[in-house]
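Engineer: The structure's right below; bear with me while I get my questions together.
The values are calculated or read from the model by the stated rules, or taken from the named source; none is laboratory data. Worth saying up front: this structure is predicted, and the values here are computed from it rather than measured. Heads up, the Cβs are rebuilt from the backbone with ideal geometry, glycines too, and the neighbour counts pull from every protein chain shown. Just so you know, the surface numbers come from the protein's heavy atoms only, side chains and all, with ligands and any DNA or RNA stripped out. Shrake-Rupley method; radii C 1.70, N 1.55, O 1.52, S 1.80 Å.
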Amino acid sequence: MLIQWPGIGGWQWRSLYETWQNSCVAGSYERKFGVMPSGIRRFIQSDGGGIGSGRDMIDISANSGRRKALLSASNFHPSAEMWLGPDFWQFAKCSKKEVLAADFFIEIRDTPHFLYLKSWPQPFTRPDGEQGRTQQKLWRLLFHEDCEWPPGSGLISDEAVYGPPELMPPEGAT
């Protein structure tokens, strides 16, 4: 698509992971994803528009797998495979040259229509461990932002903590 129409980019992700990391309504979190992390920050939504105001919300602003609104209908997703189009660079806090110089990508393809980046062998499923640290590198490089997991820890845990049972690593896996 980026060959035919200039654009911001393309991202692939595992739907359950993306939904979990971007779940921000407190009332449905535990029902959908299990125990809520103890350090999670909450707030009451006060948008003043009536719809959704007064809801108990979860602060996801530091989640490793959170999305970032670039335009009202376009989000950045820190995903294992990304196709960054020519319009992406107006939103990034780095240059394409800096991305090309980064040493943590598994594969980079620079084409006239997009920059393909692969930073993990399959779609991300965890915000912690090596996957979390890889997502942290993406946030730091592309937007000069950081992430943490579990919430409120200020770091990326080495161990898998919290989350849907389907996304927890098998017993004994590292």
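Engineer: Looking at the stretch 1-71, what strands (runs of 3 or more DSSP E) fall wholly within it and have at least 1 residues that are touching a strand residue (DSSP E or B) at 6+ places or on another chain (Cβ under 8 Å), of a type in the set (Gly, Ala, Ser) and at pLDDT 85 or above? Write out each step before concluding.
Structural biologist: Values: elements: 9-12, 42-44, 56-58, 68-71.
Those strands (runs of 3 or more DSSP E) span 68-71.
Engineer: Return the residues of the stretch 84-114 that are among the basic types (Lys, Arg) and either part of a loop (DSSP other than H, G, I, E, B) or under 17 Å from the mean Cα position of the chain (by Cα) (or both); say none if nothing qualifies.
Structural biologist: The first filter runs over the stretch 84-114 and keeps only residues among the basic types (Lys, Arg), leaving 93, 96-97, 109.
Once the filter is applied, which keeps residues that are among the basic types (Lys, Arg) and either part of a loop (DSSP other than H, G, I, E, B) or under 17 Å from the mean Cα position of the chain (by Cα) (or both), the stretch 84-114 yields only Lys93.
Engineer: Confirm whether Pro151 is closer than 26 Å to Tyr29 by Cα, touching a residue at least 24 places away in the same chain (Cβ under 8 Å), open to solvent by less than 70 Å² (accessible area, probe 1.4 Å) and in contact with a Pro (Cβ under 7 Å, 6 or more places away or on another chain).
Structural biologist: Details: closer than 26 Å to Tyr29 by Cα: yes; touching a residue at least 24 places away in the same chain (Cβ under 8 Å): yes; open to solvent by less than 70 Å² (accessible area, probe 1.4 Å): yes; in contact with a Pro (Cβ under 7 Å, 6 or more places away or on another chain): yes.
So Pro151 fits the description; yes.
Engineer: Give the residues of the stretch 15-34 that are more than 13 Å from Ile60 (Cα to Cα), in contact with a helix residue (DSSP H, G or I) (Cβ under 9 Å, 6 or more places away or on another chain) and open to solvent by 40 Å² or more (accessible area, probe 1.4 Å), sorted by residue number. Full working, then the answer.
Structural biologist: Keep residues of the stretch 15-34 that are more than 13 Å from Ile60 (Cα to Cα), which gives 15-17, 27-28, 30-34.
Okay, now just the ones that are also in contact with a helix residue (DSSP H, G or I) (Cβ under 9 Å, 6 or more places away or on another chain), so 16-17, 32-34.
Of everything in the stretch 15-34, those that are more than 13 Å from Ile60 (Cα to Cα), in contact with a helix residue (DSSP H, G or I) (Cβ under 9 Å, 6 or more places away or on another chain) and open to solvent by 40 Å² or more (accessible area, probe 1.4 Å) turn out to be Leu16, Lys32.
Engineer: Restricting attention to the stretch 115-174, which residues are part of a loop (DSSP other than H, G, I, E, B) and aliphatic (A, V, I, L, M)? Break it down stepwise before answering.
Structural biologist: Of all residues in the stretch 115-174, those part of a loop (DSSP other than H, G, I, E, B) come to 119-128, 144-148, 150-155, 157-164, 168-174.
Answer for the stretch 115-174, where residues must be part of a loop (DSSP other than H, G, I, E, B) and aliphatic (A, V, I, L, M): Leu155, Ala160, Val161, Met168, Ala173.
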